[in-house]
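Participant: I'd like to ask some things about the structure below.
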Amino acid sequence: MATATLKKESKEEKSHRWKELGLSNAKVIDLYRQMLLIRRFEERSAQEYGKSKIGGFCHLYIGQEAVGVGAIAALRDDDYIFSAYRDHGHALARGMDPKGIMAELFGKFTGCSKGMGGSMHMFDASRGFMGGYGIVGGHVPLASGTAFGSKYLGKDSVTVCFFGEAAANQGVFHETLNLAALWKLPVVFICENNRFGMGTAVERSTAVWDIYHKASAYDMTRQWIDGMDVLEMYRVVKQAVDRARKSNEPTMLEARTYRFRGHSMSDPIHGHYRTKEEVEEQKRSDPILVFGHELLEAGILAQKTIDEMELEIKRIVAESVEFAERSPEPPADFLYENVYV
Ligand SMILES: Cc1ncc(C[n+]2csc(CCOP(=O)(O)OP(=O)(O)O)c2C)c(N)n1
């Protein structure tokens with residue numbers, strides 16, 4: 001009896017948790033849809049990579065969707081975003097056109113970086129999407145640059161910077177946090193701790209396993225978040241963004257997540273650094289399945305709606321591939337554009 005009462009209470013509590021955050025039913029369904037779009041877009045990207053339609057490196061975000069979707073939902077249109085090389089999901093969550101992203105993956109001129117960047121270099125200045133970057137940790141100081149710019153110009157735009165836990169071992173990460181704290185910059189650092197830097201487990205590469213603790217060296221507000229929970233991501237990032245906007249206070253967040261695929265498309269899913277069983281166990285916390293289940297249970301989403309969403313997303317992704325296929329290669333003389341030296 002006691003157990004039944006407890007269950008009922010926790011279900012009701014859960015079914016209302018987005019209302020406490022001021023999110024409508026339509027908004028939370030959209031968060032679910034965004035995660036599903038990223039998942040299906042990347043599954044299709046993997047297929048196209050297998051057909052050699054996509055060249056170079058290609059790092060999938062599968063498993064980590066809740067981090068980008070929840071965090072980016074907390075931003076305004078005039079805020080800035082920096083990503084690393086696992087950037088397709090962030091670009092989609094920012095509302096960039098799937099066609100332009102797929103065309104970029106294909107190296108086509110219609111891509112969001114004119115086909116010159118590929119998978120790791122999505123860019124859309126009109127959406128404040130200041131790029132994906134391939135050098136581990138290399139973009140972290142750039143994020144403090146836009147944050148500095150906002151403060152200097154008296155604007156209240158906030159910058160959010162995504163990076164992996166391995167980037168927090170780089171010297172430039174520490175230099176940036178030091179200055180961001182000293183100069184009180186409106187920036188939120190979001191470490192996506194998926195537990196591995198390529199094939200090296202976090203426990204083998206860093207002396208401090210709770211990555212968010214690293215910000216204590218700079219007396220910066222810090223916290224870890226369940227990165228498999230899109231609403232938790234939204235809640236905590238919103239608080240940090242509001243704080244940055246109002247009082248120029250930087251924050252360091254560690255989103256605990258897991259990547260379900262290999263480090264990049266050229267790597268095996270498990271490798272020698274983790275077992276198949278571990279990956280399967282982690283998939284039980286799949287952010288899309290778990291959130292979908294919560295919305296179904298709460299009665300605001302029906303299986304029929306999910307099925308329709310799947311069809312719509314399948315069409316959007318197929319159209320993005322057709323667009324990329326049909327698009328031209330960059331012209332040869334474009335190679336000399338945007339080259340300064
Ligand atoms: C400065 C630098 N060193 C090494 C590499 C090679 N490298 C590419 S990805 C990667 C792992 C980074 O892991 P993490 O930052 O945790 O991001 P994740 O891949 O887990 O998203 C490394 C070492 C690089 N790109 N840049």
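FYI, it's all coordinate maths here, none of it is from the lab. On a predicted model such as this, the values are computed, not experimentally measured, just so you know. All Cβ positions, even for glycine, are placed from backbone atoms using ideal geometry, and neighbour counts span all protein chains on display.
Participant: Could you tally the net charge around ASP242, taking each other residue with its Cβ under 13 Å from the Cβ of ASP242, Lys/Arg +1 and Asp/Glu -1?
Facilitator: +3
Participant: Report the local net charge at PRO287: Lys and Arg +1, Asp and Glu -1, summed over other residues whose C-beta lies under 9 Å from its C-beta.
Facilitator: Details: positive: none; negative: GLU65, ASP229, ASP286.
In short, -3.
Participant: So if I place +1 on the C-beta of Lys and Arg and -1 on the C-beta of Asp and Glu, and nothing else carries charge, what would the dipole magnitude of the chain be about its Cα centre? I want it in debye, nearest 20.
Facilitator: Values: 43 positive and 47 negative charges, 61 e Å.
In debye, rounded to 20, the chain gives about 300.
Participant: Right, next: Can you give me the three principal axis dimensions of the stretch 20-90 from its C-alpha atoms, in Å, biggest first?
Facilitator: Principal axes ranked by extent give 46, 24, 18 Å for the Cα atoms.
Participant: Go ahead and set up a Gaussian network model of the chain, Cα springs under 10 Å, then flag whichever of GLN282, GLN223, GLN303 fluctuates most.
Facilitator: Among GLN282, GLN223, GLN303, the largest GNM mean-square fluctuation belongs to GLN303.
Participant: Then there's this: Antiparallel as a % of all DSSP beta bridges within the stretch 14-326, to the nearest 5? If you can, show how the numbers build up before the last one.
Facilitator: Details: 3 of 25 bridges.
About 10 percent, rounded to the nearest 5.
Participant: Which one of LEU37, HIS88, GLY138 is farthest out on the positive end of the charge dipole of the stretch 14-326, using unit charges on Cβ (Lys, Arg +1; Asp, Glu -1) and the Cα centre as origin?
Facilitator: My answer, from the dipole projection, is GLY138.
Participant: State, to one decimal in nm, how far the label point of GLU43 lies from the label point of GLN170, with both points 7 Å from Cα in the Cβ direction.
Facilitator: 3.2 nm
Participant: How about LYS246: which aspartates and glutamates have a C-alpha closer than 17 Å to its C-alpha, ignoring those fewer than 8 places off in the same chain?
Facilitator: In chain and number order, the partners are ASP77, ASP78, ASP79, ASP156.
Participant: Now for a different question. Summing Lys, Arg as +1 and Asp, Glu as -1, what charge do residues with Cβ under 12 Å from the Cβ of ALA103 carry, ALA103 excluded?
Facilitator: Neighbourhood net charge equals -2.
Participant: Right, something else. Can you divide the C-alpha Rg of the chain by 2.2 N^0.38 Å and report the result to two decimal places?
Facilitator: 0.99
Participant: Continuing with this model, one more query. Going by how many other beta carbons lie within 10 Å of each one, how would you line up ILE225, ILE316, fewest first?
Facilitator: Ascending number of Cβ neighbours within 10 Å: ILE316, ILE225.
Participant: For ARG326 and ASP242, compute 0.36 nm times the residue count separating them, minus their Cα-Cα distance, and round to one decimal in nm. Please list the in-between numbers first.
Facilitator: Numbers: separation 84, 0.36 × 84 = 30.24 nm, distance 4.30 nm.
Gain in length upon complete extension: 25.9 nm.
Participant: Convert each backbone phi in the stretch 268-284 into a coupling constant with the Karplus relation 6.51 cos²θ - 1.76 cosθ + 1.60 (shift: θ = phi - 60°), then list the ³J(HN,Hα) values in order as whole Hz, x for Gly and Pro.
Facilitator: x, 5, 9, x, 9, 9, 7, 9, 4, 4, 4, 5, 4, 4, 5, 5, 5
Participant: If you don't mind, another one. If we count other beta carbons within 10 Å of each Cβ, what is the order of LEU177, LEU335, fewest first?
Facilitator: Ranking LEU177, LEU335 by Cβ neighbours within 10 Å, fewest first, gives LEU335, LEU177.
Participant: Quick one: which of LYS19/LYS155; LYS53/LYS108; LYS214/LYS276; LYS99/LYS283; LYS114/LYS314 span more than 19 angstrom between C-alpha atoms?
Facilitator: From the list (LYS19/LYS155; LYS53/LYS108; LYS214/LYS276; LYS99/LYS283; LYS114/LYS314), the Cα-Cα distance tops 19 Å for LYS19/LYS155; LYS214/LYS276; LYS99/LYS283; LYS114/LYS314.
Participant: Between GLU312 and SER126, what is the label-point separation in nm under the 7 Å Cα-to-beta-carbon projection?
Facilitator: 2.2 nm
Participant: Could you compute the FRET efficiency for ALA302 and PHE109, with r as their C-beta to C-beta distance and R0 at 41 Å, rounded to 0.05?
Facilitator: Working from the Cβ atoms, E equals 0.45.
Participant: Leaving out same-chain residues fewer than 8 places away, which aspartates and glutamates sit with a Cα under 17 Å from that of LYS304?
Facilitator: By straight Cα distance, LYS304 reaches ASP30, GLU294, GLU312.
Participant: Roughly what would the spin-label model give for GLU337 and ASN25, points 7 Å off Cα along C-beta, in nm?
Facilitator: 4.7 nm
Participant: Turning to a different aspect of this structure: Taking 8 Å as the Cα distance limit and 6 or more residues as the minimum spacing, I'd like the relative contact order of the stretch 187-341 as a percentage.
Facilitator: 24 percent.
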